[in-house]
Amino acid sequence: MENKTGKYFKYAIGEIVLVVIGILIALQINNWNEDTKQRQIEQGYLVSLKEEFKHNHLALESVMRINKNNADNALELSNHMGPDIPEITEKEFSILAMNMTNWEVQYRPNQAVLDEIISSGKLVVFRNNQLKFALSSSNGILTKVKFQEKEHAVVRMQVIETMNTLGNAKKMVVDAAYGETFGISESKFKLGNLQLLQSQKLENELIDFIFTAQYLNTNYYSDLKKEIELILDLIDNELAE
């Protein structure tokens, strides 16, 4: 009886061990399957994010070029300002003025993928903590950029308002070769625009325009560009693993 009891006890322990091992293996397989699913989700998001941030990088570079061109034209125009008779022609003035103000400076990123990830709480699928932090904080940097863009936009509208109030907007459009494009004929008024170069008010506004434009590129846009490039590098590292 003692031998039978001992054998039964050993058999029971063996059965329990086998059951525990089976449960552990099942849990391990389940965890492995879940981890595989999470990695697949992560890789899918990484690919989509890469395309989104590559697009945004190109869009930002385009805005920076436009902003620099605007500032360069404003700077050249400001160099001709003063109390003396201007040394440029009406046409040259009009081209500089229109090139300076025609293009609005506004960065419009595509954030559909990033917004979906954040709103759905999917940031947890990313293993790289630096990437998670960069993605979650990118909107904070963008908010600063938008604030400076609004500051610059206000100055831009002030410049346009001053030129429209003191000058001849129709002549400016025609002289800059935009008249035919928009079906605008020559102005019948004799007032030109060169007298604007003797306006202290316009000169002050041009300086504000140049300053806010350059500050956008050198401080705000450049910081945003570095952040986008960092995120792209982090994404590439994760995709390479």
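Just to confirm my filter: which helices (runs of 4 or more DSSP H) fall fully inside region 131-241 and include at least 1 residues that are in contact with a Ser or Thr (Cβ under 8 Å, 6 or more places away or on another chain), open to solvent by 30 Å² or more (accessible area, probe 1.4 Å) and of a type outside the set (A, V, I, L, M, F, W, C)?
Helices (runs of 4 or more DSSP H) meeting the threshold: 169-175, 200-215, 222-240.
Across region 32-64, which residue is modelled with the lowest pLDDT among those that are over 30 Å from TRP103 (Cα atoms) and open to solvent by 90 Å² or more (accessible area, probe 1.4 Å)?
Among them, the one singled out is TRP32.
So, in region 62-90, of the ones that are more than 29 Å from the chain's Cα centre (by Cα) and among the polar types (S, T, N, Q), which residue ends up nearest to LYS201 (Cα to Cα)?
Of everything passing the filter in region 62-90, SER78 is nearest to LYS201 (Cα to Cα).
Going by the structure shown, is PHE93 within 28 Å of ALA176 (Cα to Cα) and either in contact (Cβ under 8 Å) with a residue 40 or more places away in the chain or open to solvent by less than 30 Å² (accessible area, probe 1.4 Å) (or both)?
It is true that PHE93 is within 28 Å of ALA176 (Cα to Cα) and either in contact (Cβ under 8 Å) with a residue 40 or more places away in the chain or open to solvent by less than 30 Å² (accessible area, probe 1.4 Å) (or both).
Looking at (1) at pLDDT below 95; (2) under 24 Å from ALA74 (Cβ atoms); (3) hydroxyl-bearing (Ser, Thr, Tyr), which one does SER136 not meet, given that it meets all the others?
(2)
Would you point out the residue of region 112-125, among those that are within 22 Å of the chain's Cα centre (by Cα) and open to solvent by less than 40 Å² (accessible area, probe 1.4 Å), that is nearest to GLU51 (Cα to Cα)?
VAL113
When the residues of region 65-90 are filtered to those that are touching a residue at least 24 places away in the same chain (Cβ under 8 Å), more than 22 Å from LYS146 (Cβ to Cβ) and not in a loop (DSSP other than H, G, I, E, B), which remaining residue is most open to solvent (accessible area, probe 1.4 Å)?
By that ranking, first place goes to LEU75.
Within region 102-110, is there a residue that is without any contact (Cβ under 8 Å) to a residue 24 or more places away in the chain and within 17 Å of the chain's Cα centre (by Cα)?
Within region 102-110, not a single residue is without any contact (Cβ under 8 Å) to a residue 24 or more places away in the chain and within 17 Å of the chain's Cα centre (by Cα).
Against the definition (over 22 Å from GLU52 (Cα atoms), modelled with pLDDT of 95 or more and among the charged types (D, E, K, R)), how does GLU205 come out, yes or no?
Yes; evaluated as a whole, the condition is true for this residue.
The values are calculated or read from the model by the stated rules, or taken from the named source; none is laboratory data. The shown structure was predicted, so the numbers you read here are calculated from the model rather than taken from an experiment. Heads up, the Cβs are rebuilt from the backbone with ideal geometry, glycines too, and the neighbour counts pull from every protein chain shown. Surface accessibility is based on the protein's heavy atoms, side chains included, excluding ligands, DNA and RNA. Shrake-Rupley method; radii C 1.70, N 1.55, O 1.52, S 1.80 Å.
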